[in-house]
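The values are calculated or read from the model by the stated rules, or taken from the named source; none is laboratory data. The structure presented is a predicted model; accordingly, all values stated were derived computationally and were not measured. Note that each Cβ is placed from the backbone with ideal geometry, even for glycine, and that neighbours are counted across all protein chains shown.
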Amino acid sequence: MLTQDLFEGVTPRGKMLFTAGLGALLLLPEVADSYLISILTLIFWFAYVGQAWNVMMGFAGQLSLGHALYVGLGGYGAAALYMHLGLGPWVGMLVVVPVCALVGMAIGWLGFRFGVRGVHFALLTIACAEFTRVAFDHITALGGSGGLFLPVVGGRGDDLLMLRGSPQLYYYVMLVLALLALALCRIVTRTRLGYFWLALRENPDAAAALGIPLLRVKLLAVGLSAGMTAVGGVFYAFYYNNLFPDQVFAMGRSIEILLGPIVGGIGTVFGPVLGAMILTPLGEGASLLLEALGITLPGTKQVIYGLMLVLIICFRPAGIWPWLAVKAGLVVPPGETDLREKGEAE
Amino acid sequence: MSGAGSLIVEGLSVAYGDALALDHVSLSVRAGEVTTLIGTNGAGKTTLIRAIAGLLPIRHGQIVYDGQEITGRPSHRICDLGLGQVAEGRQVFPSLSVRENLLMGAVIPRARSLANATYAAMLELFPRLRERLTQAAGTLSGGEQQMLAIARCLMGQPRLILFDEPSLGLSPAMASEVFRIIRRLKDQGMTIILVEQNVAASLALADQAYVLETGRITLSGTGQTLLRDPRVREAYLGL
């Protein structure tokens with residue numbers, strides 16, 4: 001059964017906690033105020049895009065420092081289709097997801113074809129995001145550097161199809177997207193392709209020697225990761241209703257995307273979720289606290305994230321989830337199962 | 001493990017940038033035989049192995065396997081044809097279990113359907129691995145990792161295996177175990193290309209042997225001939 005498969009290696013306690021947490025999240029909008037709802041929506045968003053980034057780096061070992069590119073392309077693409085052709089975000093996704101997947105694969109192909117590996121490949125991803133940002137600054141049809149604003153249609157109630165509506169609507173949509181990404185990653189890591197990624201990450205030469213078609217396997221990782229991120233971009237556009245090249249394509253956004261998985265546990269399926277659950281409240285909480293104290297310090301969030309990253313690298317370089325999951329008895333420890341679980345458990 | 005698997009390398013040149021690592025190398029490997037390559041560090045042995053396996057771009061020349069030209073084909077296509085590789089330095093997947101490493105060996109379509117049977121056979125052939133199936137491969141001893149690398153290669157149903165320094169860094173007991181396995185594979189009809197720093201042991205095993213010096217073949221003959229050749233004895237056996 002599918003659910004059994006999805007929870008393979010998770011202890012009863014882990015399943016219970018997950019179900020309870022999910023139940024609470026489903027009921028929460030009934031009682032929570034709009035601020036809490038917006039924070040949780042943000043957490044789901046970072047869990048989602050972190051998951052997407054993790055496909056490329058965590059599973060296949062290909063470092064991207066330019067994932068903002070796909071957030072921006074996805075967001076701008078869907079916004080343009082909505083404003084100029086009246087196409088809703090879900091229809092827009094049918095266009096921007098393949099486009100972003102192809103863009104990702106093209107960058108991947110360039111890198112892999114010319115032997116640009118590791119850090120240098122990461123630099124290539126930054127470069128692509130950066131020159132796209134500069135290009136969008138000059139596309140006047142999409143607002144240029146002055147930004148693109150989506151019309152806010154009010155008073156019609158929640159419109160799921162057009163993704164126009166109340167904070168609750170966005171909350172539930174993003175929650176579902178994050179859950180879908182979680183399930184997708186859980187499934188894909190158990191497929192042949194997931195194992196190929198693992199082989200590629202662990203030892204590319206050995207993987208090639210075994211007959212794994214490395215180029216294809218890498219491109220699939222980049223394509224899936226980019227396509228998933230594009231959906232995050234579409235949501236971003238319709239949630240915030242404004243897009244500025246300086247914000248969506250920014251290097252800082254690329255970094256924010258990858259912090260969650262690193263803190264939570266790179267290469268694990270639940271890591272990006274946990275990372276987002278830790279980082280976003282921490283950043284927001286710190287800003288709130290300083291605000292309450294009457295101090296205005298721009299960049300507080302970044303400093304907090306930076307400190308968190310340093311702590312993680314020093315004390316839990318594999319991320320918090322692998323350690324927490326075993327410690328709290330949420331998953332069956334590695335070595336006690338038929339190690340298919342290892343991807344998650346370690 | 002049938003006997004097919006001949007290989008002909010004709011005028012092969014490989015360069016890293018401007019540096020020529022292989023300079024018009026020609027050799028022929030008969031099916032079912034052990035062909036040994038000897039030479040000092042940097043002579044081009046590993047380059048030759050990697051070029052045959054399709055892991056390096058080839059500048060000149062051609063490689064013909066089983067009557068088919070494979071020059072310039074991607075490595076996974078070459079694997080499909082039955083050309084396996086046990087690379088230098090025990091290239092296991094460290095965080096995957098022994099079992100997962102083995103199953104990873106049966107990636108190519110031809111091997112997939114036979115994976116279960118071969119898996120059982122490998123546990124027969126390498127009893128040490130059976131005891132460690134769920135253990136992460138990175139935690140095995142050097143010798144065990146080499147056994148795993150060989151078993152994983154065999155999971156891919158190769159007809160020709162390229163061995164690159166299989167005994168490097170192993171204890172004498174483990175090294176002789178590796179040679180015992182190679183001999184056994186040979187007896188079963190496997191074609192083998194062997195690069196080894198243990199020149200005496202590998203020449204003793206070899207039907208054909210080639211001496212590679214700075215990218216060129218300088219000497220060739222049967223294993224026994226080279227074992228008796230004064231130049232080989234002086235340069236590689238220290239006699």
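Count of the stretch B:27-62 residues, restricted to those that are at negative phi, more than 14 Å from every other protein chain (Cβ to nearest Cβ) and under 16 Å from the mean Cα position of the chain (by Cα), is 13. When restricted to residues that are in a helix (DSSP H, G or I) and surrounded by fewer than 21 Cβ atoms within 10 Å (Cβ to Cβ), the stretch A:78-102 contains 11. Checked against (1) surrounded by fewer than 21 Cβ atoms within 10 Å (Cβ to Cβ); (2) at pLDDT 95 or above; (3) aromatic (Phe, Trp, Tyr), residue A:35 passes all but a single condition, namely (2). On the given criteria, is residue B:156 more than 11 Å from chain A (Cβ to nearest Cβ) and buried (at least 18 other Cβ atoms within 10 Å of the Cβ)? Criteria not met by residue B:156.
Of all residues in the stretch B:126-147, how many are assigned to a helix (DSSP H, G or I), of a type outside the set (Lys, Arg) and surrounded by fewer than 16 Cβ atoms within 10 Å (Cβ to Cβ)? The number of residues fulfilling the criteria is 4. Of A:184, A:175, all but one fail to be under 24 Å from residue A:77 (Cβ atoms), touching a Leu at 6+ places or on another chain (Cβ under 7 Å) and assigned to a helix (DSSP H, G or I); the exception is A:175. Going through the stretch B:89-110 one residue at a time, which ones are more than 8 Å from chain A (Cβ to nearest Cβ) and at pLDDT below 90? Passing the criteria: B:89, B:90, B:109, B:110.
Tell me which of these residue B:113 doesn't satisfy, since it passes every other one: (1) over 27 Å from residue B:179 (Cβ atoms); (2) more than 8 Å from chain A (Cβ to nearest Cβ); (3) in contact with a strand residue (DSSP E or B) (Cβ under 9 Å, 6 or more places away or on another chain). Here residue B:113 clears every test but (3).
Considering only residues of the stretch B:159-175 that are over 29 Å from residue B:116 (Cβ atoms) and not hydrophobic (A, V, I, L, M, F, W, C), which is farthest from the other protein chains (Cβ to nearest Cβ)? So, considering only residues that are over 29 Å from residue B:116 (Cβ atoms) and not hydrophobic (A, V, I, L, M, F, W, C), the one farthest from the other protein chains (Cβ to nearest Cβ) is B:172. Figure legend. Inter-residue proximity from the stretch A:134-163: first residues among the β-branched types (Val, Ile, Thr), second residues at pLDDT below 90 and in a loop (DSSP other than H, G, I, E, B), beta-carbon distance below 8 Å, spacing 6+ or different chains. Indicated pairs: A:153/A:162.
When B:193, B:182, B:217 are checked against the criterion of being assigned to a helix (DSSP H, G or I) and either over 23 Å from residue B:149 (Cα atoms) or not hydroxyl-bearing (Ser, Thr, Tyr) (or both), B:182 stands alone in meeting it. With a requirement of 2 or more residues that are among the β-branched types (Val, Ile, Thr), the strands (runs of 3 or more DSSP E) lying completely within the stretch B:1-119 that satisfy it span B:7-16, B:19-29, B:34-38, B:60-65. Counting the residues of the stretch A:319-334 that are farther than 17 Å from residue A:256 by Cβ and either polar (S, T, N, Q) or surrounded by 15 or more Cβ atoms within 10 Å (Cβ to Cβ) (or both) gives 11.
Screening residue A:175 with (1) surrounded by 19 or more Cβ atoms within 10 Å (Cβ to Cβ); (2) of a type outside the set (Asp, Glu); (3) more than 14 Å from chain B (Cβ to nearest Cβ); (4) more than 27 Å from residue A:30 (Cβ to Cβ) gives one miss only, at (4). Out of everything in the stretch B:63-113 that is under 17 Å from the mean Cα position of the chain (by Cα) and polar (S, T, N, Q), what residue ends up being surrounded by the fewest Cβ atoms within 10 Å (Cβ to Cβ)? Out of the qualifying residues, it is B:75. Residue pairs whose Cβ atoms lie under 9 Å apart, separated by 6 or more positions or on different chains, with the first residue in the stretch A:67-88 and within 20 Å of residue A:159 (Cα to Cα) and the second surrounded by fewer than 24 Cβ atoms within 10 Å (Cβ to Cβ) and among the acidic types (Asp, Glu), are A:88/A:159.
Taking each residue of the stretch B:24-37 that is in contact (Cβ under 8 Å) with a residue 12 or more places away in the chain and surrounded by fewer than 20 Cβ atoms within 10 Å (Cβ to Cβ) and looking for partners that are outside any strand (DSSP E or B) and among the hydroxyl-bearing types (Ser, Thr, Tyr) with beta-carbon atoms closer than 6 Å, six or more apart or interchain, yields B:30/B:6; B:31/B:6.
Here is a yes/no grid of residues against (1) within 27 Å of residue A:143 (Cβ to Cβ); (2) out of contact with any Pro (no Cβ under 9 Å at 6 or more places or on another chain); (3) surrounded by fewer than 18 Cβ atoms within 10 Å (Cβ to Cβ):
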| position | (1), (2), (3) |
| --- | --- |
| A:6 | no, yes, yes |
| A:16 | no, yes, yes |
| A:28 | no, yes, yes |
| A:55 | no, yes, no |
| A:68 | yes, yes, no |
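Here are A:210, A:193, A:160: which of them is within 14 Å of chain B (Cβ to nearest Cβ), surrounded by fewer than 19 Cβ atoms within 10 Å (Cβ to Cβ) and among the aliphatic types (A, V, I, L, M)? Exactly one of A:210, A:193, A:160 is within 14 Å of chain B (Cβ to nearest Cβ), surrounded by fewer than 19 Cβ atoms within 10 Å (Cβ to Cβ) and among the aliphatic types (A, V, I, L, M), namely A:193. Against the conditions (1) surrounded by fewer than 23 Cβ atoms within 10 Å (Cβ to Cβ); (2) in a helix (DSSP H, G or I); (3) in contact (Cβ under 8 Å) with a residue 40 or more places away in the chain, residue B:202 satisfies every one except (1).
Are any residues in the stretch B:125-143 of a type in the set (Gly, Ala, Ser) and more than 14 Å from chain A (Cβ to nearest Cβ), and if so, which ones? Listed by number, the residues that qualify are B:141, B:142, B:143.
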